[in-house]
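Some notes on the structure that comes next.
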Amino acid sequence: MGPIYSRYPLAVILLVTISAITNVLSALYIGDVIDHYITPLLSQSTPNFGPLLTATAVIGGIYFLGVFATLYSGRFMVKITQGIMQTIRDELFTHMEHLPMAYFDRHPRGDVMSHYTTDTDALREMLSQSVIDGITMIVTIVFVFLSMIFISVPLTLLVLLTLFLIFWLNRRIEGVGSRYFIKQQDSLADIDSAIEEMLHGEMIIKVFCQEEAVERAFAKKNDALFRQSTLANTTGNFVEPLIDNGVNIQYALVALVGGCLILTGISPLSLGALVAFISLTHKFLSPVDALGEQMNAMVTALAGAKRIFNLMDVPLQGTGGAPLKQPVQGHLAFKDVSFSYIPGQSVLSHIHLTIEGGQKVAIVGTSGSGKSTLIKLLNRFYPVVRGNISCDGQNLAALQLAPLRRSMGTVLQDTHLFSGTVRDNIRYSNPTATQTEVENAAKLACAHDFITRLPQGYDTPLDSTGLPLSLGQRQLLTIARALATHPPLLVLDDATASADTLTEARIWDNLRQNMAKQTLIIIAKRLDTIMDSDMIYVMDGGEIVEMGNHGELMAKKGLYYTLVMKNGNTDENPS
Ligand SMILES: Nc1ncnc2c1ncn2[C@@H]1O[C@H](COP(=O)(O)OP(=O)(O)OP(=O)(O)O)[C@@H](O)[C@H]1O
């Protein structure tokens, strides 16, 4: 445990206690000053102000101590709050990194982002303010209550009764408010998602002139946020005046009943004691008042905390298991594998597929037939619903995840690059790769030539969208990134689709010459690049409908034949 979590909370509790006690003492002392210093002065012919001045100095000292304690408790609380926020952000991020892919399918990016922004912000506000108020409230209530009983039991009972009524009303409204605040947080997350999506798709929106439609959709979400926020804050704002007025009525009641007690002599009470009691009543109620003021922040923060805890409760993907046998031979087998992203909507059914170590295998087929899904299952982004996949005879599901993924250099259709230099991006898969290894990977991927033509070569900085590189250049870089680890298995999902045909042909030549022993799985739409594969699997509608080498498949005159005849354009289902 770091110092923030062990030392500062104790200091805060101590300082807040000092602050609360000085607060009570000053109220009690005022009663004493009235009874023992001011009242005697009224009957003196030559008033002696000396004792009164001394008493005032004592009160000043008590106040000063209270102010000092309050200031420092706030200062320490800032450190605690920021420490907690840092931990929450760290833990959220670590948790998010290990969430299964299915979580991101169901939750838009903006929604996930809002856990780091609106939710944690609400929590920070509560921690920085409401926690101090909470501790102050408890300590103050204890000390004030004891002092009030000491002064007058009947008046204390009166305060408790009226307080109970205020609390009861407060709780009823709070219950309704909390529901609205959760809805408000959800609407905020919705807005975040919409903005995020709009920013990502800005160019597409403009190309299709969808600005107005996007604006309308945003306005609808904004309307929903307006409604939820108005409801939530109206309920919150209702509480404060209610408590304020309740409190004022309570003062008047205490003064009235206290005055009666003095005048009738039913309960012995001095004027100074009544003034002190009224002052204590105020101190007793101000924590409740503060609670009313903090209610909006607290309910919002609790809603935020709930969303954070919900995310933290999502089970993580298991990463442990048996070690992958080394050296990896690259023998892969799919045995009767079925899969669906959404229960009941089959994407792959009864896939049987065997790839020998060192084989060059192509998977082709119609759009949406499930080719990329096979790659995702190989990377264990999703668990198979039925059947099993093995690597060198070991069940994939029972293997340690990281070594498995490292053994598979995977190039996804997504050409995402990270902000950093070209070298950083190639090294992303293998941070210890030397400059020679980086260059070799780039040469194999036909990226070296264009990189050296860049003004800063391998040191050229890229932004998170991969600019200033073209889409084709980005794709070559993603291939180099996968090759930098010298993977025993290389999996390319339409990895050269954006490269020109000459470059594409050179890449395949390079891979064939330099990766003779490695297993190669290629998903391709341009069929001329995969014709000399050892084995070609043809997919349609989530099934493998044909398999064989190019010659065998052409002789069949089936789907593969049709795809080749249509100039390798597999985007359209010819059937
Ligand atoms: N994350 C997902 N959630 C739900 N359905 C999905 C998801 N990803 C893909 N699908 C669906 O699974 C099916 C197979 O998709 P997949 O991407 O594997 O096809 P593909 O053969 O690689 O297509 P393409 O050649 O167009 O890239 C499609 O019907 C697709 O809509």
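I need the shape label for segment 524-564. Rule: rounded when a/c is under 1.5, else prolate if a/b > b/c, else oblate, with a, b, c from the alpha carbon gyration tensor. It is rounded, given that a/c, with a ≥ b ≥ c, falls under 1.5. Given the C-alpha centroids of segment 373-394 and segment 433-479, what is the distance between them in whole angstrom? Comparing the Cα centres of segment 373-394 and segment 433-479, I get a distance of 31 Å. When the alpha carbon coordinates of segment 332-565 are projected onto the principal axes, the ranges are 50, 41, 32 Å, largest first. In a reduced charge model with +1 at each Lys and Arg Cβ and -1 at each Asp and Glu Cβ, segment 83-313 shows a dipole moment near 860 debye about its Cα centre. Measure up LYS183/LYS221; LYS376/LYS517; LYS335/LYS566; LYS360/LYS517 against 20 Å on the Cα-Cα distance and list the ones that go over. Exceeds cut-off: LYS376/LYS517; LYS335/LYS566. Dipole size of the chain about its Cα centre, with +1 on Lys/Arg Cβ and -1 on Asp/Glu Cβ: approximately 820 debye, rounded to the nearest 20. Dipole of the chain computed with +1 at Lys/Arg Cβ and -1 at Asp/Glu Cβ about the Cα centre; of ILE536, GLN518, LEU188, farthest Cα towards the positive end is GLN518. Counting every other Cβ atom within 10 Å of each residue's Cβ, LYS557, LYS566 order from fewest to most as LYS557, LYS566. The modelled label-to-label distance between ILE195 and THR501, using points 7 Å beyond Cα along the C-beta direction, is 4.7 nm. Return the whole-Å distance between the Cα centroid of segment 27-100 and the Cα centroid of segment 504-558. Taking the Cα centre of segment 504-558 as reference, the centre of segment 27-100 is 78 Å away. DSSP finds beta bridges in the chain, and of those with both partners inside it, around 50 percent are antiparallel. Using C-alpha pairs below 8 Å separated by at least 6 residues, the relative contact order for the chain is 14 percent. Can you tell me the FRET efficiency between GLU552 and THR319 if r is taken as the Cβ-Cβ distance and R0 is 56 Å, rounded to the nearest 0.05? It comes out at approximately 0.85. Take the Cα of THR56, step 7 Å toward its Cβ, do the same at LEU454, and the gap between the two points is 7.5 nm.
Applying the criteria of a DSSP loop state and at most 16 other Cβ atoms within 10 Å to the trypsin sites (Lys or Arg not before Pro) of segment 463-527 yields LYS517. For segment 332-565, the dipole from Cβ point charges (+1 on Lys and Arg, -1 on Asp and Glu) about the Cα centre works out to 300 debye, to the nearest 20.
One decimal place: the segment MET85-LEU10 gains 25.1 nm when fully extended, by the rule 0.36 nm per residue minus the C-alpha distance. For segment 113-216, dividing the convex hull volume of the Cα atoms by the residue count gives 109 Å³ per residue. Between the residues GLN345, ASN395, SER464, the greatest Cα displacement towards the positive end of the dipole of segment 332-565, with unit charges on the Cβ of Lys, Arg, Asp and Glu, is found for ASN395. Based on alpha-carbon atoms, the Kirkwood radius and the radius of gyration of the chain give Rg/Rh equal to 1.20.
Note on ILE262 and TYR63: with the Förster distance fixed at 35 Å, the Cβ-Cβ geometry gives a FRET efficiency of about 0.80.
Rounded to 0.05, the FRET efficiency of the TYR561 and VAL78 pair, given R0 = 60 Å and the Cβ-Cβ distance, is 0.25. For segment 332-565, averaging the sequence separation of C-alpha pairs within contact (under 8 Å, six or more residues apart) and dividing by the residue count gives a relative contact order of 27 percent.
Values in this text are rule-based calculations from the coordinates and carry no lab data. Keep in mind it's a predicted model, so treat the numbers as computed, not measured. Neighbour counts are summed over all protein chains in view; Cβ atoms, including those assigned to glycine, are modelled from backbone coordinates with ideal geometry.
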